[in-house]
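Colleague: The following block contains the structure, expressed as structure tokens.
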């Protein structure tokens, strides 16, 4: 599931794996593995990719519906 989300973020941002790799210092082949869900991804790398793609990561507490942003930049897209 996360691989599909990462790929969608990248496509919607108009970036290539190479461009994200250069900005995050995550290898291009590693990015490909993340998108194909061949390798597990750390939260730190999810956050790096989201930042480059101009997305915020939102945590929702299902019990009380509170949202918690990973960044305070509210001009970004939300996932």
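The values are calculated or read from the model by the stated rules, or taken from the named source; none is laboratory data. Please read these numbers as outputs of a predicted model, since none were measured by experiment. Glycine also receives a Cβ, built like all others from the backbone with ideal geometry; neighbour counts cover every protein chain displayed.
Colleague: Whether any residue in region 26-34 is surrounded by fewer than 14 Cβ atoms within 10 Å (Cβ to Cβ) and modelled with pLDDT of 95 or more is what I want to check.
Modeller: Taking region 26-34 and keeping what is surrounded by fewer than 14 Cβ atoms within 10 Å (Cβ to Cβ), we get 27, 29.
Narrowing the set further to residues that are modelled with pLDDT of 95 or more leaves 27, 29.
Yes: one or more hits.
Colleague: Would you check which residues across region 54-66 are at pLDDT 80 or above and in a loop (DSSP other than H, G, I, E, B) and list them?
Modeller: 54, 57, listed by residue number.
Colleague: When you look at residue 13, is it in contact (Cβ under 8 Å) with a residue 40 or more places away in the chain and surrounded by 14 or more Cβ atoms within 10 Å (Cβ to Cβ), yes or no?
Modeller: Criteria met by residue 13.
Residues checked against (1) in contact with a helix residue (DSSP H, G or I) (Cβ under 8 Å, 6 or more places away or on another chain); (2) over 22 Å from residue 11 (Cβ atoms); (3) at pLDDT 95 or above:
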site: 37; (1), (2), (3): yes, no, yes
site: 45; (1), (2), (3): yes, no, yes
site: 52; (1), (2), (3): yes, no, yes
site: 68; (1), (2), (3): no, yes, no
site: 74; (1), (2), (3): no, yes, no
site: 79; (1), (2), (3): yes, no, no
